[in-house]
Structures are given as C-alpha cells and as structure tokens.
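Read the structure below first, then the notes.
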Amino acid sequence: MLLGGLGLLVGCRATQAIPETVGNRTDHVDRLMAKVDAGAPPESLVTPAIEPLTVLQPDDLATATYRDLTLQQVLNQAMSSSEVLRDLNATVLRAPEQVTTDESPGLVQTDPQLGVEAALSAFDAQLTAVGTWQNNDRRFNNRFFGGGANAFKQDVHDYVLQLSKRTATGAQISLRSITDYDANNATGNLTPSAWQTQLHAEVRQPLLQGGGLAFNRIAGPAALPGVYNGVLIAKTNSDISNAEFREDARDYLSNVINAYWDLYFAYRDVDAKQEAVDRSLETWRSYEAQKASNRRGGSAEALAREQYYRFQSELQDAIAGKLIQRTQVDNSTSGGTFAGVTGVLAAERRLRLLIGMPLADGELLRPIDEPLSAPLIFDTQSLSVDALRMRSELQQQRLLIKRRELELIAAKNFLLPTLDLVTTYRLRGLGKDLAGSDSAFNELGTGDYQEYEAGIEFRLPVGFRQAHAAVQHAKIQVARERSVLREQERQITHDLMAVIAETDRAYAQMETNLNRYLAAKDALDALEANRKAGLPISLEQLLDTQRRLNESQTRYHLAMTEYMIAAKNVYFESGTLLENCQVGIFGDTIKAMPVASE
C-alpha cells in the first residue's frame, strides 16, 4: 500500500526513468558517445553555402541589381533575426559562452543554483518516506537482556512518512507518521506481536540567528556568512541580467547602424573614385594623343597614365574592400568612431552578417537614407539626466549596490547567537493489529495517549570572529560599489559631452570639406578649360588638382558619415538609443515598439 501511494505521488516521469536507473540502460548515452568518439562529425548544412558576390570590373557594379533599404528597414530586419546578438569580432567562435542570445535572460532566471525558482525551492514542502525491516535471532547469557528468555527471536518493521516545510520566518514545520511492527518471544509481551503508531507535529523556530522574514527573504534558510541566495538576492541578480541584456541589445543595434553608414560611405567613396578614374582617363587619352602626334614627350603621357592606374587601383579597393577596420562598438564603452576604411562588397557582407541575411542572394544592399545636413543642437542638461537615469551600466551598478546592502543586512544577523525554540506534540496508539477494533489506529483515534515536548537550544560562538569578518566585508563591498557608481557617472557624463562635441566637430568638418571640394572642383574646371582651349598648363598642377578634388570629395562624404555616427553616439551615451530606434525589450526579445497614430 505504501509503495502504491508513493508510485502515485512520484508520477509517470519517474516510472519512465526506471529503465535507465534501475535497469541501467545506456542506449541513449551510448549513441551520443559514439558520435563523440568518432570526433563529433559535422552536421549537414541546413542551407547550401552561397558564393560571395565578386565585382571584378567597375562597370559590373553599375549593372548590378540593388535592394534599396532605409535604416529603419535594416533595423527591422535585424530585430526579426536577433536570436543571437551578433558582433563583428567573431565572438561566437572565439568565446561562444559570452555570446548573448534570446535565451540569456532565461538562463539566469532558471539557474538551478542561483535563480529565483532555486531560491524559492528552499521553502518547498519535502516529503520523506522510509521503510526498514529487521529479523533478529540471538542468544543472551542473561534473561534480562532477552526479555525473560535466553533465546530471543524478533521481526521488526519500521515505517516513517514525513511532510516538512520551511516557512518565511525560518521555522521548520514537520508532520510525521511513525508506524512500527514488533513480533518477538519476550515473556512480558501482552501479545506476541503488536503495532504501534505515532503522529508527530514538530516546530523549530529560530528566535535570533536565522529567524525573521528579512533574513530569510534575503539570505535563504541555508545561508552561511558570506553565502546568501535568498529570493531577494536572486531577484536582484535577475534584474541585473535583464539590464545586461538591454546593454547587449543596445550594442547590437549600434553596430547595425554603424554598418549601415559604413556601407553608405563605401558607395559614396566609389562614386568619388569613379569620377576620378573617368577624369584621369580623359587626361591620359589627351596626352597619349599628343604623344602620338609628337606634340608632347613620353613623360607627360606616362605621368597621366600613372595617375589613371593609381585611381583605378583605389577604385578597385573601394569596390571590393579589405578585411580590416570597421566601425563598431568599443567593448561596450562607446558607440565607436567611424573608421573610414571600407569597401562596398566587404561592408555589404558585414551588414548582411549583422542583420541575419544570407551572404549573397543576387542583389546588393544599398542604403538610401541620406545623412543630416542641418546642425544638431542638443540639450546637454536633459541628455545628462537621461544618461544617469537610462544607461544600462548604471542600472546594473545601482542594482548591485542594493544587493550589497541586502547582503550587509543578512551578515549582521550572524552577529546574533543561535536560540531555537523546539516543540513537539505526539499522539500514540498501540494494538494487536494495525487497523480494526483492537488496533493501533483505533487507539490513536481515541486521543487517550498524548504527549508534548518543548525545549530551547542555545549556541554562542565566542567572539563571533567569522560574523564580524562577514559584516566588515559586506560594508567594504557597499563602499566599493558606491565609489564605482560615482566614477561611472563621471565617465558617462564625460563621454556624453565628448560625443556632443564630436557632432559639432563633424558638422564643421562637413561644411569645411564641402567648401574645399567646391574650390578644388573650380580649380580643376579652370585648368581643364585652359587645356581644352589649347592654352599652356602645368601637367603636374593638373594631376595634383585631380588628386585634391578626389581627396576633398572623399573627405566631404567621410565628414558626413562621421556626423551621423556622432549623432547616433549621442543617443548611445545618453542611454536612449533603443527608444530613438523605436525598439523595446519585451521579456527576452527585441521588438519594434508600436508607433502611436496621430
């Protein structure tokens, strides 16, 4: 009967595990280990590998098929495929355990040692069932020890069923049923065999150390000095994990925006270099014709030809790109400074990698949003307040301070001695049978035999050396985290002011390089007009002016992109980048926030 009841309580899951536990079946494990022993062969490709698009000639770029995308469309694509928050440092290969995924917050919350459910499990009711059976057959030299006989024979059964629970105040409440059967040949027995049953109700309540709602919610009932994992500590850790997820989501979106403007600049850089190639080709052909008619020496044609191939080489790199610098978040400490070293195909592949698109699909992604051309004026006071309120790093640090303060409260509890109140109430029954008219259960039901026991347990570690060390350690932890928070606030305010100043610098550079570009264009137009009119000009001056025009045009587009990156970094540093991108964190998922209708 007892085994049947236990079977119902355990349920089907335990019965399914019997072949593996009792039967020692290892089929499933053997199949897994066979793959491990074979060197863990790779799985088949889910999707076939796609050859990256390669543009060998500049003309091929003009005839390619494009998919025009706004920044918001790119962000929406990134959010729809953000199961893994990607970066450009191949962290998923170098340190996969550090990669943030949609499952990261859930892993913290469901941690069986440190999660909230783990902390709550310390207060779960515990069911314990024990059954023992003995057969004794022995001889005694003295009848007194054998119950009046020198030869003693006995059959003993003991059954214990207990339900215990820890309360929020630290009390341990136990309800216990003890039943034993004893059949022996002792001469003083009322009957040769008898059943005895008891019902116990026991309470152990800590009155000093380990007692109270505050301590048990903070530290948990199994706490030691310096080791606390109560519900409040676990909840704080979960909140810190959520703030870390928000920080990683911010970094991810920042890198997506960086990659978008990297690609924008790459296209503008190609345009500038294509114009430089066309101009240098025209110049070369002109001097080549003069060389053929003996109106010019070979050195002039060679210099013009060298200039053409120089611009052609730069154009090829501007189209293909190199596996070198790119704009990215700097170890989560800033939104990144525009690198300005890029290429269309390399930048396009990086953007595809970040937003979860195939590396190639027959189309080239092309940004169609244009950078801002108007000056941005920021309310530094308001942005500073937003930064101190919204930055995920500060939210994590503030939560960490609260956790340290909770730990200090728990540590002070260990300065108290242990004083436990223990009380037990018992009902007893004895009978020839376990159930029936003359049975142990029948006598138990009458309530004729009741017992009560109460006691006090006191324990005092002289000097409380460990407890004092735990309190001092907790105080130092609080002081340290508060100092770190103050320095973080100073650093974030400094970085915010720095990026606001960067927007001013980038805008000024944008205007200056535009004027520089227009001046270089005017100079080149004047030289080209004189050359076409047959007026004498300096070849070196012409070639130098072409280089100046190409450089100033590139610098103008570079300043425009730097301006957009700097503007994005203002929102990054103020902690409002997600809101500015209309992105919200819902549970463990990054989603676009609904836009209110006007």
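Treat the count of other C-beta atoms within 10 Å as a stand-in for reagent exposure and order 572, 458, 123, 338 from fewest to most.
Ordered from fewest to most neighbouring Cβ atoms within 10 Å, 572, 458, 123, 338 come out as 458, 123, 338, 572.
Normalised by the residues of the range 61-207, what does the relative contact order come to in percent, with Cα pairs under 8 Å and at least six apart?
15
What nm value, rounded to one decimal, do you get for the distance between residue 490 and residue 64 when each label is placed 7 Å out toward the C-beta?
4.9
If you place +1 on the Cβ of every Lys and Arg, -1 on the Cβ of every Asp and Glu, and leave all else neutral, what size is the dipole of the chain about its Cα centre, to the nearest 20 Debye?
1380
Express in % the proportion of alpha carbon pairs of the chain at distances exceeding 35 Å.
Pairs farther apart than 35 Å: 64 percent.
Of 398, 352, 67, how do they rank once you tally other Cβ atoms within 10 Å and put the fewest first?
Listed from fewest to most nearby Cβ atoms, that is 67, 398, 352.
For each pair in 402/568; 322/568; 165/432; 273/532, compute the distance between the two Cα atoms and list the pairs where it is over 28 Å.
Violating the 28 Å limit, Cα to Cα: 402/568; 165/432.
With unit charges on the beta carbon (Lys/Arg positive, Asp/Glu negative), name the residue among 293, 95, 252 whose Cα is farthest towards the positive pole of the charge dipole of the chain.
Checked the options; the winner is 95.
Tell me, what ³J(HN,Hα) does each residue in the range 400-409 have, in order and in whole Hz, if you take phi through Karplus 6.51 cos²θ - 1.76 cosθ + 1.60 with θ = phi - 60° and put x for Gly and Pro?
Along the range 400-409, the couplings run 5, 4, 4, 5, 5, 5, 5, 5, 5, 4 Hz.
Under a plain spin-label model, where a point goes 7 Å from the Cα along Cα-to-Cβ, how far apart in nm are residue 29 and residue 227?
Placing both labels 7 Å beyond Cα along the Cβ direction yields 2.8 nm.
Report, as a whole number in µm² per second, the diffusion coefficient that Stokes-Einstein gives for the range 431-584 at 25 °C and 0.890 mPa s using the Kirkwood radius over alpha carbon pairs.
It diffuses with D of about 99 µm²/s by this estimate.
Going by how many other Cβ atoms sit within 10 Å of their own, how do 571, 309 line up, fewest first?
With the sparsest Cβ surroundings first, the list reads 309, 571.
Taking a quarter of the surface of the convex hull around the Cα atoms of the range 140-270, what do you get in nm²?
17.9
Among 184, 356, 339, which residue has its Cα furthest toward the positive end of the charge dipole of the chain, with +1 on Lys/Arg Cβ and -1 on Asp/Glu Cβ?
184
Can you give the net charge of the other residues whose Cβ lies under 11 Å from the Cβ of residue 182, counting K and R as +1 and D and E as -1?
-3
Work out how much length residue 208 to residue 531 would gain on full extension: take 0.36 nm times their residue separation and subtract the Cα-Cα distance, in nm to one decimal.
Full extension from residue 208 to residue 531 adds 106.3 nm.
Which value at 222 nm does the chain reach when only helices count, each DSSP H run of 4 or more adding -39,500 (n - 2.57), with the total divided by all residues and rounded to the nearest 500 deg cm²/dmol?
-17500 deg cm²/dmol
Read-outs throughout are calculated quantities, based only on the coordinates presented, and are distinct from any laboratory measurement. Everything numeric here is computed off the predicted structure, so don't read it as measured data. In this analysis, Cβ positions are derived from the backbone assuming ideal geometry, glycine residues included, and neighbour counts consider all displayed protein chains.
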